[in-house]
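To keep things clear, I will list the structure first and then write my remarks on it.
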Amino acid sequence: MQMLGGALPYVQEIAPYQAGKPIDTLAREMGLDPRRIVKLASNENPLGMPASARAAVQALLDENELARYPDSHGFELRAGLAQHLDVPPEWLVLGNGSNDVLELAAAAYLAPGRSCVYSQFAFAVYPLATQARGARALVVPAKDHGHDLEAMAAAIEGDTTLIYVANPNNPTGTYVDQDAVDAFLARVPQRVAVVLDEAYFEYLPAQRRVDTMAWVRRYPNVLVTRTFSKAYGLAGLRVGYGVAQPAMIHMLDRVRQPFNVNAVALAAATAALGDAAFIADSVRVNAFGMAQLTAAFDRLSLRYLPSAGNFLLVHLGPRAQAVNQGLLARGVIVRPVGNYGLPEWLRISIGLERENARCIEALEEVLKVL
Ligand SMILES: *Cc1c(COP(=O)(O)O)cnc(C)c1O
């Protein structure tokens, strides 16, 4: 790699994020009709954007107000979230995607000479955010592909100031239950900030859903992050949020760009937040697709991890890369996860029934010829 003299050495060492292949890119590469391509690679909502949010965006365009800066504090969305979560609005910070909030935590808590704890196989943004700040990563070996919270608590060192926990985790779909998180939080010293990344919270079945706001109320060092990108169907608009006690929120606000969430995203998210029917539909479609895909994997004798999210991690062994290429050639985009140290697996986002069927059909064809 060519070294650019002035760039920070720890920035030069960052391995860039590998995003899911966009539909248009594959269409160009393979000469395929983009309308025939199925993308199950970025855990997006297959129902698309909620009609409620689209109407809000249209109204905003009609008002012709987009020449103005957005509300820097997102008053309306924060008020809606405060009501939705039963916390004061001062306990909320908005982000350009929850990715932005994860970065705000890194900006406020990490620097050279400090360390950050996260799990093996945890969401790829944690290593990126840690390394971009020149902090040391304490990567804790996974247990059954998921977070080993006991080992993570034990891994905390004197210079540790931040911990990321993805629950459910992406790309593994693993979930740690309430008792394990309770015990973990009780062990973490208060000088260490704990980010509980709940990007897939809305997909959790009722019996697994925990009142995570209770942790925020109890612990001043806990930050819960959630997003409008997954169940709310607004990934393209980039909006997410963090919930914590005001002292921590004030720190995040200091490193936040004043206009980090755009006006279109604010309007769409505010509308989507009130759209309980859309969330119910999304959860139903996801449960159906989960059953559809896992039944196919069972039939094909493919091992997969039980998932609490809107995606499945399936084991294909040494042929995983060839399978991925075969799927691409058939217009099906899934996600290779070699960058996570999982080269024998593919992550498949759960789509609509017909999209899942296309994926299964292509997978069967590919497995026959490999
Ligand atoms: C998708 C995802 C996010 C962030 O998504 P945004 O679009 O930035 O809100 C955060 N954490 C995990 C674990 C995710 O999978």
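Short version: ³J(HN,Hα) in whole Hz for each residue of the stretch 227-235, in order, from phi by Karplus 6.51 cos²θ - 1.76 cosθ + 1.60 (θ = phi - 60°), x for Gly and Pro, what are they?
For the stretch 227-235, the Karplus curve yields 9, 9, 7, 9, 4, 7, x, 10, 4 Hz.
Compute the signed sum of charges (Lys and Arg +1, Asp and Glu -1) over the other residues within less than 15 Å, Cβ to Cβ, of GLU65.
Within the 15 Å Cβ shell, the charges total -3.
Rounded to whole Hz and in sequence order, give me ³J(HN,Hα) for the stretch 30-46 from the Karplus expression 6.51 cos²θ - 1.76 cosθ + 1.60, θ = phi - 60°, writing x for Gly and Pro.
Rounded to whole hertz, the list is 9, x, 9, 6, x, 6, 9, 8, 10, 9, 10, 10, 9, 6, 7, 7, x.
If we count other beta carbons within 10 Å of each Cβ, what is the order of HIS145, HIS315, HIS84, fewest first?
In increasing order of surrounding Cβ atoms, one gets HIS84, HIS315, HIS145.
Which residues does the label zone of HIS250 cover in the stretch 71-106, counting backbone N under 17 Å from a point 7 Å along Cα→Cβ?
88-93
Run down the lysines and flag those whose C-alpha is under 20 Å from the C-alpha of LYS39, throwing out any fewer than 8 positions away in its chain.
Leaving aside lysines fewer than 8 places away in the same chain, those within reach of LYS39 are LYS21, LYS230.
Full-extension gain between ARG208 and ASN64, please, as 0.36 nm times their residue separation minus the C-alpha to C-alpha distance.
Extra length from ARG208 to ASN64 when fully extended: 47.5 nm.
List the chymotrypsin sites (Phe, Trp or Tyr not before Pro) within the stretch 229-271 that fall in a DSSP loop (any state other than H, G, I, E or B) and whose Cβ has at most 13 other Cβ atoms within 10 Å.
Here the chymotrypsin sites (Phe, Trp or Tyr not before Pro) that fit, given the DSSP loop and packing criteria, are PHE259.
Apply the Karplus curve 6.51 cos²θ - 1.76 cosθ + 1.60, θ = phi - 60°, to the phi angles in the stretch 106-116 and return the couplings in whole Hz, x for Gly and Pro.
In residue order, the calculated couplings are 5, 5, 7, 10, 10, 6, x, x, 10, 10, 10 Hz.
If you average the sequence gap of Cα pairs under 8 Å that are 6 or more apart and divide by the length of the stretch 192-341, what percent do you get for the contact order?
With pairs under 8 Å counted, the relative contact order is 18 percent.
What nm distance separates the two modelled labels at ALA15 and ALA151, each placed 7 Å from Cα along Cα→Cβ?
That separation, rounded to one decimal, is 1.8 nm.
Excluding LEU104 itself, calculate the net charge of residues whose Cβ lies under 11 Å from the Cβ of LEU104, where each Lys or Arg counts +1 and each Asp or Glu counts -1.
Taking every other residue near LEU104 into account, the sum is -1.
Can you give the % of DSSP beta bridges in the chain that are antiparallel, to the nearest 5?
45
Between LEU312 and residues 5 or more places away or on another chain, which pairs have amide H atoms under 5 Å apart, with H built 1.01 Å from N, and which residues are they?
Counting only residues 5 or more places away or on other chains, the set is ILE348, SER349, ILE350.
No lab work stands behind these numbers, since they all come straight from the coordinates. The structure displayed is predicted, hence computed values, not measured ones. Every residue, glycine among them, receives a Cβ derived from its backbone with ideal geometry; neighbour counts consider all protein chains shown.
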